[in-house]
Amino acid sequence: MHTVWKGAISFGLVHVPVKMFSATEDKDISLRMLHKTCGGPISYVRRCNNCDVETDWEDIVKGYEYDKGRYVLFEKEELDQLAGEKSRTIQILDFVALEEIDPIYFQKTYYLSPDQAGGNAYHLLLKAMSDSGRIGIAKVSIRSKSSLAAIRVIDNCLAMETIYYPDEIRSISQVPGLPDAVQVNDKELTMAKLLIEQLSTPFEPEKYTDDYRVNMTNLINSKITGEEIRIAPQQEQTNVIDLMAALQASLEAAKLPPKGAAGLDTGAGAKPAAAASSEAAAEADGTANGEAGEAQLPKPRKPRASTKTKKETVS
C-alpha cells in the first residue's frame, strides 16, 4: 500500500506516530474523451480567460470570490501557515460509542499503522479502545482540508474514518415532497414485514458485485477481440403496479417459510402475523371475506390468481 500521510495520534499527552493508508479504492472504469475524427485523446489546458493565454503552474495562485468578479488572493505559504502543526496530528478530543454516530456522517476510511518506534503506544491505544468499546472523535488536516474523524479498531488495526461536520449535513426538512402523515394498510404491512423477515440474512459483502463494472469489462474485452457487440434493449417498466400483488410475488420469489411470523408487530389493533398470514391465505382461496379489490397471500401448495385488484401508484 502507498503511504498517503504520516503524523501522530494524540490523546492527552500521549503521541502515537502513525502512517496512513487508503482502506478503499475506486474501481470505476474510466473512459477517456477522444476526438471522433481521428481518435486522439482530448487534453484540457489551463487558460486565463482574461489574457487568453495558457498558464503554467507557477503562475497560478488561489483566491476566494467574495463578490462577482472580485477575489482575495492567497499565497501557498499563507495557506500552509493556517494548518500549522495540527496538519500532522490526529488530535483525539473525545471517546464515544460507535452506535451514537449516524452513518450519514461517514466519508472515507483509512488504515493506520505504527511508525518508527511507536509500536508500543500504538498497541496500547488499540487494546484500550478495544476493551472499552469506545471510538475516538478527532480533528485532522489532510491535504490542507480540516476534517472530523472517528478512530476505531478494525480487527488488529486502528482505522480512521473522516466524518462530516454537523453543519455539512443537510436538514431533512429541506427534502421536498415528504408526506406529513402516512396511512398504512395493516395487511400490506404484515406482508411487507414477512418479506423483510424472509430476506433477512447475515451481511456477507463478498456476495455483492458491481454488475455495471462486470458488464463494462466484458464489453471492453469483446471490443478488443473484435467481436460484434449487440446489446438487448431493456423492457420499459411502468410505475403503476398492484402493491399487494407485488408483495405477494416477492414473498413467493423468496421461497422461504415466514420465519418468526408470530412475533411480528403489526401495530395497535392488528392481528399477529401468523394469524394474518393464515387469514390472507384463506381469503385468497375464497373461504373468507376480505376487502374488495385487495389480493391476498395464496393458500400453501395451491396458489391461485389474485381477484380484482385496486391500482395504486408507487412513486
Next on the checklist: Once you keep just the Cα pairs under 8 angstrom separated by 6 or more residues, what percentage relative contact order results for segment 61-193?
Outcome noted: 23 percent
Checklist entry - With θ set to phi - 60° and the Karplus curve 6.51 cos²θ - 1.76 cosθ + 1.60, what are the ³J(HN,Hα) couplings of segment 99-116 in order, to the nearest whole Hz, using x for Gly and Pro? => result 5, 7, 9, 5, x, 4, 6, 6, 10, 9, 9, 10, 8, 10, 10, x, 10, 6
Checklist entry - Summing +1 for each Lys or Arg and -1 for each Asp or Glu, what net charge is found among the other residues whose Cβ lies under 10 Å from the Cβ of MET216? => result -2
Checklist outcome for this item: For the table LYS27/LYS187; LYS6/LYS223; LYS62/LYS139; LYS36/LYS145; LYS62/LYS127; LYS76/LYS108, the rows whose alpha-carbon distance is greater than 32 Å are LYS27/LYS187; LYS6/LYS223; LYS36/LYS145; LYS62/LYS127
Checklist entry - Where does each of 100-106, 68-74 land if you order them by average Cβ count within 10 Å, highest first? => result 100-106, 68-74
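No value in this document is a laboratory result; all are computed from the given coordinates. Everything quoted here is computed from the prediction, not taken from an experiment. Here Cβ is always computed from backbone atoms with ideal geometry, including for glycine, and neighbour counts include all displayed protein chains.
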